[in-house]
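Participant: Below is the structure I would like to discuss, written out as structure tokens.
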Amino acid sequence: MHPNQLIDSHRHQGMRRQLMLQLRDKGIKDLRVLEAMNLIPRHYFFDPGFVEHAYQDKAFPIDAGQTISQPYTVARQTELLELKPTDKVLEIGTGSGYQCAVLCAMGIKTYSIEYIEVLHRKAGLMLDYMGYHPTLFLGDGSKGIPLYAPFSKILVTAGAPTIPQLLINQLTIGGLLVIPIGDQKQQRMFRFRKLANGQVEQEDHGAFSFVPLVGQQGWR
Ligand code: SAH
């Protein structure tokens, strides 16, 4: 990595504040989310040469044909998790590690799993460099991580074809699953809440576009 990339200059900080104001104008209300995102130099997660793109509100290619989610999407998914300091969160799709850094900056105990080894490795190095220490796994997160369950919140950052029942099973009572579900191009953002009687409450939070969730409960 080019050493200049890991400088968080006043210029970067200024662009980042502008981006936070844009996100607020687009409807993000949870200030804790915006404050955490304002702390994370998103350009650290970009390849050198593309740093200029880091503070625009758009998704961007990372390695292995995957993407770093659009800032608005990260903010919205994080807001939908209704995070509390006592939460134990599982993120499925570590990707660049940016969303994971935002969760860590909010002081949340974070587990994150990635299917593609190079992404898992690079994200781990960057998070470590930034002083964040989430528990990272390499493997198929569509099945959740039974050994570490239950989680109070589960966040899926890739588009699923159906509701993965295995993920609902790994939620605590009162827990939330935030997951885009649809076809391989467009999905609706669903939030599922696991109720005490074993039933699941469902809300639709609008159209989004993610790379496909692969694996056992994903696209095969
Ligand atoms: N949260 C990421 C977004 C990455 S895009 C970020 O902030 O950068 C979605 C990621 O999900 C991709 O890296 C993809 O490889 C990963 N993915 C897809 N299916 C998966 C699965 N079954 N288990 C774990 N990761 C998966």
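Participant: Looking at the range 53-72, which of its residues are open to solvent by less than 10 Å² (accessible area, probe 1.4 Å), touching a strand residue (DSSP E or B) at 6+ places or on another chain (Cβ under 9 Å) and more than 7 Å from the ligand (Cβ to nearest atom)? Don't jump to the end; show me each part of the working.
Facilitator: If we filter the range 53-72 for residues that are open to solvent by less than 10 Å² (accessible area, probe 1.4 Å), which is where we start, we get 54, 68, 71.
Okay, now just the ones that are also touching a strand residue (DSSP E or B) at 6+ places or on another chain (Cβ under 9 Å), so 54, 68.
Matches in the range 53-72: A54 only.
Participant: Report yes if Y129 is more than 8 Å from the ligand (Cβ to nearest atom) and either farther than 18 Å from K194 by Cα or in contact with a helix residue (DSSP H, G or I) (Cβ under 7 Å, 6 or more places away or on another chain) (or both), otherwise no. If you could, list the steps in order and put the result at the bottom.
Facilitator: Values: more than 8 Å from the ligand (Cβ to nearest atom): yes; either farther than 18 Å from K194 by Cα or in contact with a helix residue (DSSP H, G or I) (Cβ under 7 Å, 6 or more places away or on another chain) (or both): yes.
Yes; evaluated as a whole, the condition is true for this residue.
Participant: Let me ask another. State all residues of the range 166-180 that are surrounded by fewer than 18 Cβ atoms within 10 Å (Cβ to Cβ) and within 15 Å of the ligand (Cβ to nearest atom); if no residue qualifies, say none.
Facilitator: L166
Participant: Do we find a residue being in a loop (DSSP other than H, G, I, E, B), within 14 Å of the ligand (Cβ to nearest atom) and either surrounded by 13 or more Cβ atoms within 10 Å (Cβ to Cβ) or not charged (D, E, K, R) (or both) anywhere in the range 185-208? Can you show your working first?
Facilitator: Initial filter on the range 185-208 (in a loop (DSSP other than H, G, I, E, B)): 185-186, 195-199.
Then keep just the ones that are within 14 Å of the ligand (Cβ to nearest atom); that gives none.
No, there is no match, as no residue in the range 185-208 is in a loop (DSSP other than H, G, I, E, B), within 14 Å of the ligand (Cβ to nearest atom) and either surrounded by 13 or more Cβ atoms within 10 Å (Cβ to Cβ) or not charged (D, E, K, R) (or both).
Participant: So L138 passes all but one of these: (1) within 13 Å of the ligand (Cβ to nearest atom); (2) over 16 Å from the mean Cα position of the chain (by Cα); (3) open to solvent by 50 Å² or more (accessible area, probe 1.4 Å). Which condition number does it fail?
Facilitator: (2) is the only condition that L138 fails.
Participant: For the range 148-157, state whether one or more residues are more than 17 Å from I179 (Cα to Cα) and part of a helix (DSSP H, G or I).
Facilitator: Yes, that holds for at least one residue.
Participant: Of the conditions (1) of a type in the set (D, E, K, R); (2) under 22 Å from C100 (Cβ atoms); (3) surrounded by fewer than 19 Cβ atoms within 10 Å (Cβ to Cβ), K153 satisfies every one except a single condition; which number is it?
Facilitator: All conditions are met except number (3).
The values are calculated or read from the model by the stated rules, or taken from the named source; none is laboratory data. Small disclaimer: the values here were computed from a predicted structure and weren't measured. Note: ideal-geometry Cβ built from the backbone for every residue, glycine included; neighbour counts use all protein chains shown. To get the accessible areas, we keep the full protein, side chains included, count just its heavy atoms, and leave off ligands, DNA and RNA. Shrake-Rupley method; radii C 1.70, N 1.55, O 1.52, S 1.80 Å.
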